[in-house]
1. Do the conditions hold for residue 103, that is, is it in a helix (DSSP H, G or I), open to solvent by less than 40 Å² (accessible area, probe 1.4 Å), free of Cβ contacts under 8 Å to residues at least 40 places away in the same chain and in contact with a helix residue (DSSP H, G or I) (Cβ under 9 Å, 6 or more places away or on another chain)?
2. Starting from the range 46-57, keep only residues that are farther than 18 Å from residue 176 by Cα, then list their pairs with residues that are assigned to a loop (DSSP other than H, G, I, E, B) and of a type in the set (Phe, Trp, Tyr) whose Cβ atoms are within a distance under 7 Å, requiring at least 6 positions of separation or different chains.
3. Out of everything in the range 246-290 that is part of a loop (DSSP other than H, G, I, E, B), touching a Leu at 6+ places or on another chain (Cβ under 9 Å) and within 29 Å of residue 188 (Cα to Cα), what residue ends up being most open to solvent (accessible area, probe 1.4 Å)?
4. Based on what the data block shows, is residue 164 at negative phi and in contact with a helix residue (DSSP H, G or I) (Cβ under 8 Å, 6 or more places away or on another chain)?
5. Take the residues in the range 228-245 that are over 23 Å from residue 208 (Cβ atoms) and modelled with pLDDT of 95 or more; name whichever of them is surrounded by the fewest Cβ atoms within 10 Å (Cβ to Cβ).
6. Checking residue 174 against (1) open to solvent by 40 Å² or more (accessible area, probe 1.4 Å); (2) assigned to a loop (DSSP other than H, G, I, E, B), which test does it fail?
7. Check residue 190 against each of (1) open to solvent by 40 Å² or more (accessible area, probe 1.4 Å); (2) outside any strand (DSSP E or B); (3) farther than 18 Å from residue 1 by Cβ; (4) among the β-branched types (Val, Ile, Thr) and name the one condition it does not meet.
8. Among the residues of the range 66-100, write down those that are within 24 Å of the chain's Cα centre (by Cα), in contact (Cβ under 8 Å) with a residue 12 or more places away in the chain and assigned to a loop (DSSP other than H, G, I, E, B).
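The values are calculated or read from the model by the stated rules, or taken from the named source; none is laboratory data. A quick note: this is a predicted structure, and the numbers were derived from the prediction, not measured. Don't worry about glycine lacking a Cβ; one is built from the backbone with ideal geometry, like all the others, and counts go over all protein chains shown. Remember, those area values only see protein heavy atoms, side chains included, never the ligands or the DNA or RNA. Shrake-Rupley method; radii C 1.70, N 1.55, O 1.52, S 1.80 Å.
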Amino acid sequence: IAGFLAKYPGSRHVQYDALSSSGLLAANATSFGKRAIPSYQFDKAKTIVSLGADFLGTWLSPVEYARQYAAGRKINQANPEMSKHIQFESMLSLTGANADDRYVHRPSETAAVVLNLYAALGGAISAPALADDRLKKGIKQAADALKASGAASLVVAGSNDSNVQLVVNAINQMLGAYGTTIDWTATLNTRQGDDAAMVQLVQEMNEGKVGALLVHGVNPAYDYFDAKKFETGLAKVAVSVSFNDREDETSVLCKFQLPDNHFLESWGDAEMKAGYVSFIQPTIAPLFKTRAFQTSLLKWSGDATVYGDYFKQYWLTKFGSQAAWDKALQDGVYETPAPVAGGAYNGSAFAGAVAALAAVKVGTGKEVVVY
């Protein structure tokens, strides 16, 4: 992709996730200079406070988190203390059902809850008043438990609002969680979408400013929040190419369909977590007239190499020998874990986030949670 973009100046790579974590990524880019998601280590936390993050059910990496969470909840001679888990949420989630204490609030109260928690921990801000006495009691209980645990605390939020996530970052920094329960060396790479970049792309497509659109591995005509606007814009793009391996809702609207190989016919690599690379190897030859989308990008960049050869050469150069490459393929996974690190925190955007959240109006009628 980088080689292709270099060949065609003015081109860009836009990524989007149907289930977006763009708010968390944007907040981390501001707080740590990395547009990434760190590793949350629930097994190392004595107190876990979740603000609407269903980390046992749907949030980011629930299989990994559930295993860690179970380790912290299991009492034995080696681990005589069980972790404490307090959940604040607007609907009953799998995570909320497992919490020691669960406090319910309106979706529009999320901003007030996170600000009150920061203030209860000793943060010098003026938090909006909460009407619910039980919710106030819950925030005090959570703050007391977090203070007692100190660095062995973990606060997570499911919100896609970067201002909420900036305040949560400030809370974890205040507690000393970075480098203890939050690891910045092994970032989680499964969510990299940029909501703002996608909105800009769709806007530019509708304005006739996009000459060509190449689509791979996404189906925005089906799962983008403003699918109709995407479809209207796509009709105005002169060259539209889908590499998707099936005739989905987006592919049928594209002028060219150049299907990628099925994953069982493909070479590739995946680094879901930094320092842990998995290798994708073909189990069968391609059954239909398909071609690796990377091969198309290479050809259009002036490189006649097919992707399988390009891929092997890349890793052979990295490993330095055929024997090391063969071992990595045999193992299926190549691990280079780094020591746990906290990251360099920058709180310059904190005041702006607090001001934006303080201005959020709490609703009085019925509110809907889309889940």
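1. Details: in a helix (DSSP H, G or I): no; open to solvent by less than 40 Å² (accessible area, probe 1.4 Å): yes; free of Cβ contacts under 8 Å to residues at least 40 places away in the same chain: yes; in contact with a helix residue (DSSP H, G or I) (Cβ under 9 Å, 6 or more places away or on another chain): yes.
No, not satisfied.
2. Close Cβ pairs (under 7 Å, with a partner that is assigned to a loop (DSSP other than H, G, I, E, B) and of a type in the set (Phe, Trp, Tyr)) amount to 53/59.
3. Across the range 246-290, the extreme among qualifying residues is 283.
4. Details: at negative phi: yes; in contact with a helix residue (DSSP H, G or I) (Cβ under 8 Å, 6 or more places away or on another chain): yes.
Spelling it out, residue 164 is indeed at negative phi and in contact with a helix residue (DSSP H, G or I) (Cβ under 8 Å, 6 or more places away or on another chain).
5. Step one: of the range 228-245, the residues over 23 Å from residue 208 (Cβ atoms) are 243-245.
Retained after the next criterion (residues that are modelled with pLDDT of 95 or more): 243-244.
Values: 243: 23, 244: 20.
Only one residue tops the list, namely 244.
6. (2)
7. (3)
8. 90, 91, 93, 99
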